[in-house]
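The values are calculated or read from the model by the stated rules, or taken from the named source; none is laboratory data. The structure presented is a predicted model; accordingly, all values stated were derived computationally and were not measured. All Cβ positions, glycine included, derive from the backbone under ideal geometry; neighbour counts span all protein chains shown. These area figures cover heavy atoms from the full protein model, side chains too; ligands, DNA and RNA do not enter into them. Shrake-Rupley method; radii C 1.70, N 1.55, O 1.52, S 1.80 Å.
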Amino acid sequence: MCTMYCPRPVVDTYNERLDITRAPHIDYAQAIPSSYYIDARACLRVNYETCNLCAQTCTAGAIDFTEQPKELVLNVGAVVLAPGFGRVDEKVLEKFGYGRYPDVLTAFEFERLTCASGPSEGHIVRPSDNRPPKKIAFLQCIGSRDETCGNGYCSSVCCMYAIKEASVAKEHEPDVDISIFFMDVRTMGKGFDDARKRAQQKYGINVVRARVPRVDEVDGRLALTWTTGDGEHHSGLFDMVVLSVGLESPEDAGLISQVADIELNHYNFCRTSVDAPLVSSRNGVLVAGAFQGPKDIPESVTQASGAAAIASELLADSRNSETVTVTYPDEDKSLEEEEPRIGVFVCHCGVNIAGVVDVKAVRDYAGTLPGVVLYEDTLYSCSQDALKSIAEKIKDNRLNRVVISACSPRTHEPLFQETLRSIGLNPALVEMANIRDQCAWVHAQEPERATEKAKDLVRMAVAKARLLAPLDQPTVDVTPTALVIGGGAAGMSAALSIADQGYNVVLVEKGRSLGGNLKRLTWTLDGQDASMVLKDMVEKVKAHKNIDVLTSAKVESVSGYVGNFTSTISRGGKTEMINHGVIVLATGGREYKPKGYAYGESTRVVTQLELEEKLSRGKGFLKNARNVVMIQCVGSRGEDMTHCSRLCCTQAVKNALKLKDLKPELNIFIFYRDMRTYGFYEDLYREARRKGVKFIRYTLVRKPEVIKQPRGIMVKAFDELIGDDIEIPASLVVLSAGISPGENEELSRIIKAPLTPEGFFLEAHAKLRPVEVAVDGVYLCGLAHGPKSLEESVAQAKAAAAKAAIPLAKGKVAVAPIVSRVNQDLCIGCGICESLCPFSAITLEKVGKRKKAQTITASCKGCGICASHCPTIAISMGGFTDEAIMAQIHAFSPEGCKEG
Amino acid sequence: MAKSGSILVLGGGVAGVQTALDLSDLGYYVYLVEKKASIGGVMAQLDKTFPTNDCSL
């Protein structure tokens, strides 16, 4: 109402100013909190004390112009800064025609164009004439890797998001021609190279390696000129240009730094260090997300959990001191056992449902169904006051089954289950019919038939509701100990965090000493002495009273489920059993062992780690050296392993700089495919170029060759710029060998934690659950998850420690009520269910003389695979019993309902 | 004096929200402060996310 009556149009910032809304509005339908707000800059009442229309039209009386800003004083034990990132200044975009030519858009604006809820309802159109573009160019590194605007760093995310936006555009408009102009293609995230390749092959997106300096307009189209690596000049006309703008530090970074009293780095991001990436310069002030440096969603989510772990370490003694516990009344078992008394609530969802479906007709129809004693319609069933009213009506009418005819149970069922619990009914006694998505939305053009279908769905839901039974909600106690597998940087960091949070840790390392790959590293990427970082970690781990370190030890078997695992550890010929509540996988990775390149045939060919070992012993070995050649992607990116090893580019640049420091007259050549010195590491790349390190691009088709000669080594490679082969006599060849996964297969089998095709452990969700695995109670960090830097391993280890500490802190694990149940009288012990269960949640136990299946309810996810494959139909699913589902299906025909 | 069991999280984007969720699961009271009218940050403006092409919301 308020939006409708407001006379003041304002630009819609949620839609990147591509659309118009009114001063009072809501950004998008699913916004949380889901209340409208007033844009004070445009409001007539706020600025001129006139109008007041919205306050008068608001039926809820929710607009109060007398409200004043309030200052709150909060007493907190820690602060986490997660202000996100800022936008690149529009002045930077102007040289690419932004603001001058309407069809030059930022990638954020383009994202809104592709979105169904955006200003063009998902149609990609040119703002100048509202027609679909035929040719689109994406320009990368706008406001990134560009010292002229002060942003010398790489924003790390734009390469991937441009490829995503281009793919989405191709899905909308298959005929559109798309070119992306890259300097380097930096898709170094886990699985990103694969996704990029798929996108290139599936959609035919053109990859051009060039930086476009400017955009001009020619005959209503946008003209670009560029120069490729072979020195050729090109030009082309496009209908739309998308600027892949980078991530800047937040606009108010200075203010935050002042208020929180923390230091910023030279790009105005929060200053942190490699061994403590989430800690600001002030004690108790932590940082997560893009404010720590440009990063993508999975890394932001990882850092967020990591920051939570550190806060939890700092405040372990005050845990649960200020939290509030919700209590529920006891269940009214006698009411639940009575004959079904069903209440049906039909939701309007504003106009979402009622705009198509005749809600009142559906409501009255529900009243004719057997067992229904109450039938009502509600404007928004999910609103706070509606839930309260539903609860009261359930009580007043002594209802013991409830049907909510509204939207999707995926999003809203927990809300209604909670309502039932709050008044002493078992949450399993509610059933939902999704008449919004399945009727109003998909049949918007046929309101009458949509209404009939809504009646069908309600009739079916009522039939099922009659047979709903209360389900137990058992909880199991948690053993307050974590098993951490792997004693490298990630494993030690995770162990320390869990121990500092107040829980016991058993740290199992297969090697003779702690340290893993960190033992071979000489310097960290920010130039710290790696051995000091290692020493500090090892000492803390060994001294911690909560950590039990087992070296030369191996995990032989793991049984049990979240909260109650039992593992067998073998050590020096003996085995011991350990009880623990959670598992952290930190099994690490290895430096890839190069094949070819004369590796192993000549002492002059080494890997980057071997070079570091030489460097740590002094510069003697460089005495007669003139030319050093480094070769990137040895083993990585399709050479042998498919993945990008992520940190070899930065490692090579770091070591090249070290060599230049020790012997400035040295000629260093780095052969690369894409330099992926992402984030602030771009500074090192620029410094190396400035100091004369020569970077030469190669492709898989024409790889550099290392040729052993009687007196030394020759590197032969194709130089794109010259257009011919070059030969470099090399004093030293350094291979940037990638990171290969550790021996994860056996552990993967023992724990049932799946692996990626490359052999790293697979996370539960690439974006939102980056440190959890599919098996409950098992978490993941470090190189076991994929190649990453020390800094990233430490952050991820903290994140895994936070997730692992959650069940330990709760002390109990709640079991989801929808689990499988085995009728042991019918079970023949065939074991099909056990072999198919993806969560190790069914075991065969001896009952009498025969083996029978048994569900481990704490591990069961309720997927139903076991029930659907059981040959004797001995397994039923809580909340989805065969009887209830059959009743629901029978009720599909009105006749069936009468029989039922 | 015992330290407070409350934590201030500045910013309601995906990082702030995840921190707040984990901290409340770990037994702490959280004040989540966001300058805009709703939480979600930039991720709420994205149409789909790579590589799974899941809806962002």
In whole Hz, what ³J(HN,Hα) sequence does region A:718-733 give by Karplus (6.51, -1.76, 1.60; θ = phi - 60°), x for Gly and Pro?
8, 9, 4, 5, 7, x, 8, 6, 10, 10, 10, x, 10, 6, 8, 10
How about region A:301-335: which of its residues lose at least 30 Å² of accessible area in the presence of all protein chains relative to their chain isolated, using a 1.4 Å probe?
A:VAL301, A:ALA304, A:ALA308, A:LEU315, A:SER318, A:ARG319, A:GLU322, A:THR323
Measuring from centroid to centroid over Cα atoms, what is the spacing of region A:1-62 and region A:196-240 in Å?
41 Å
What is the mean number of Cβ atoms from other protein chains located within 10 Å of the Cβ atom of each residue in peptide A:28-34, rounded to a whole number?
4
Sequence-distant or interchain residues sharing an amide H contact under 5 Å with A:GLU431, placed H: which?
A:VAL402, A:VAL403, A:ILE404
May I ask you to give the solvent-accessible area per residue for region A:305-454, in square angstrom, as obtained with a 1.4 angstrom probe?
48 Å²
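Restricting to Cα atoms and excluding each atom paired with itself, what does the Kirkwood estimate give for region A:297-361 in Å?
The Cα-based Kirkwood calculation yields 18.1 Å.
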Can you compute 3J(HN,Hα) from phi for each residue in region A:118-128, using the Karplus curve 6.51 cos²θ - 1.76 cosθ + 1.60 with θ = phi - 60°, rounded to whole Hz and x for Gly and Pro?
x, x, 10, 6, x, 8, 8, 10, 6, x, 5
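Sort A:ILE38, A:ILE32 from largest to smallest accessible area, using a 1.4 Å probe on the heavy atoms of the protein chains.
Numbers: A:ILE38 55, A:ILE32 105 Å².
Descending accessible area places them as A:ILE32, A:ILE38.
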From the gyration tensor of the Cα coordinates in region A:1-155, what semi-axes in whole Å does the equivalent ellipsoid have, largest first, with each one equal to sqrt(5λ)?
34, 24, 15
Which value in nm describes the separation of the simple spin-label points at A:THR475 and A:ASP230, placed 7 Å from the Cα toward the beta carbon?
6.9 nm
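Per residue of A:155-164, how many C-beta atoms from partner chains lie within 10 Å of its own C-beta, taken as a mean?
Values: counts 0, 0, 1, 0, 0, 3, 3, 0, 2, 7.
The mean count of partner-chain Cβ atoms within 10 Å per residue comes to 2.
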Quick one: with all protein chains in place, what share of the accessible area of the protein assembly as shown is carbon or sulfur, to the nearest percent (1.4 Å probe)?
51 percent
Please report, to two decimal places, log10 I(q)/I(0) for region A:1-69 at q = 0.18, 0.19 Å⁻¹ as given by the Debye formula with identical point scatterers on the Cα atoms and no solvent.
-0.68, -0.75
Once the Cα atoms of region A:90-245 are picked out, what are the Rg and Dmax in Å?
14.7, 44
Let me test this: with uniform point scatterers at the alpha carbons of chain A, what is the Debye-based log₁₀ I(q)/I(0) at q = 0.06, 0.11 1/Å?
-0.53, -1.51
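State whether region A:591-738 is rounded, prolate or oblate according to the following rule on the C-alpha gyration tensor (a ≥ b ≥ c being the square roots of its eigenvalues): a/c under 1.5 gives rounded; otherwise a/b larger than b/c gives prolate, and the remaining case gives oblate. Write down the numbers at each step before the final one.
On the way: a/c = 1.21, a/b = 1.04, b/c = 1.17.
It comes out rounded by the Cα gyration axes.
How high is the FRET efficiency from A:ARG41 to A:ASP317, r the C-beta distance, R0 56 Å, rounded to 0.05?
Values: r = 46 Å, r/R0 = 0.82.
E(calc), rounded to 0.05, equals 0.75.
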Return one whole number: the accessible area per residue of region A:90-245 in Å², for a 1.4 Å probe.
40 Å²
Taking just the C-alpha trace of region A:253-318, give me its Rg and Dmax in Å.
11.8, 37
So what does B:LEU21 come to for accessible area, using a 1.4 Å probe and Å² rounded to 10?
90 Å²
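What is the Å³ per residue value for the convex hull set by the Cα atoms of region A:613-656? Display every interim value, and only then the final one.
Values: hull volume 3.8 nm³, N = 44.
So the per-residue hull volume is 86 Å³.
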Sorted by chain and then number, the residues having a modelled amide H within less than 5 Å of the amide H of A:ILE842, at least 5 places away or on another chain, are A:ILE856
When you look at the Cβ of every residue in A:112-122, what mean number of other chain Cβ atoms sits within 10 Å?
2
Need the per-residue list for region A:732-772: every residue with at least 30 Å² less accessible surface in the complex of protein chains than in the chain by itself, probe 1.4 Å, sorted by number.
A:HIS765, A:LYS767, A:LEU768
Label model pair A:HIS266, A:GLN30: point-to-point distance (7 angstrom along the Cα→beta-carbon line) in nm is 4.2 nm
Quick one: buried accessible area between A and B, total over both chains, 1.4 angstrom probe, nearest 100 Å²?
4600 Å²
Computed ³J(HN,Hα) along region A:502-511: with the Karplus parameters 6.51/-1.76/1.60, θ = phi - 60°, integer Hz and x for glycine or proline, the list is x, 10, 7, 9, 10, 9, 9, 10, 7, x
Would you mind checking which residues have amide H under 5 Å from A:PHE718's amide H? H placed 1.01 Å from N; only 5 or more apart, or other chain.
A:ILE726
Nearest 10 degrees, 0 to 90: helix A:447-466 Cα axis against chain A principal axis:
80 degrees
For A:LYS812 paired with A:ASP725, estimate the spin-label separation in nm (one decimal), with each label point 7 Å from Cα along the Cα-to-Cβ line.
7.4 nm
Probe 1.4 Å, all protein chains in place: accessible area of A:MET160 in Å², nearest 10?
10 Å²
Given the peptides A:501-511, A:259-269, arrange them by the average over their residues of other C-beta atoms within 10 Å, most packed first.
A:501-511, A:259-269
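If each residue of separation counts as 0.36 nm, what is the full-extension length gain between A:THR325 and A:ARG590 once their alpha-carbon separation is subtracted? Could you put the intermediate results ahead of the total?
Working: separation 265, 0.36 × 265 = 95.40 nm, distance 4.63 nm.
Length difference between fully extended and current span is 90.8 nm.
Tell me, what is the FRET efficiency for A:ALA361 and A:ASP19 to the nearest 0.05, using R0 = 35 angstrom and their Cβ-Cβ distance as r?
Details: r = 35 Å, r/R0 = 1.01.
The computed FRET efficiency comes out at 0.50.
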Put simply, what bits of region B:1-23 lose 50 Å² or more of accessible area when the other protein chains are there, versus the chain on its own (1.4 Å probe)?
B:LYS3, B:SER4, B:ILE7, B:LEU8, B:LEU10, B:VAL14, B:ALA15, B:GLN18, B:THR19, B:ASP22
Rounded to the nearest whole Å², what accessible area per residue is found for region A:1-69 with the 1.4 Å probe?
66 Å²
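Quick one: which of A:189-198, A:705-714 comes out on top by average Cβ neighbours within 10 Å, and what's the full order, highest first? Intermediate results must be reported in sequence, preceding the final value.
On the way: A:189-198: 20.1, A:705-714: 13.8.
Order by mean packing, descending: A:189-198, A:705-714.
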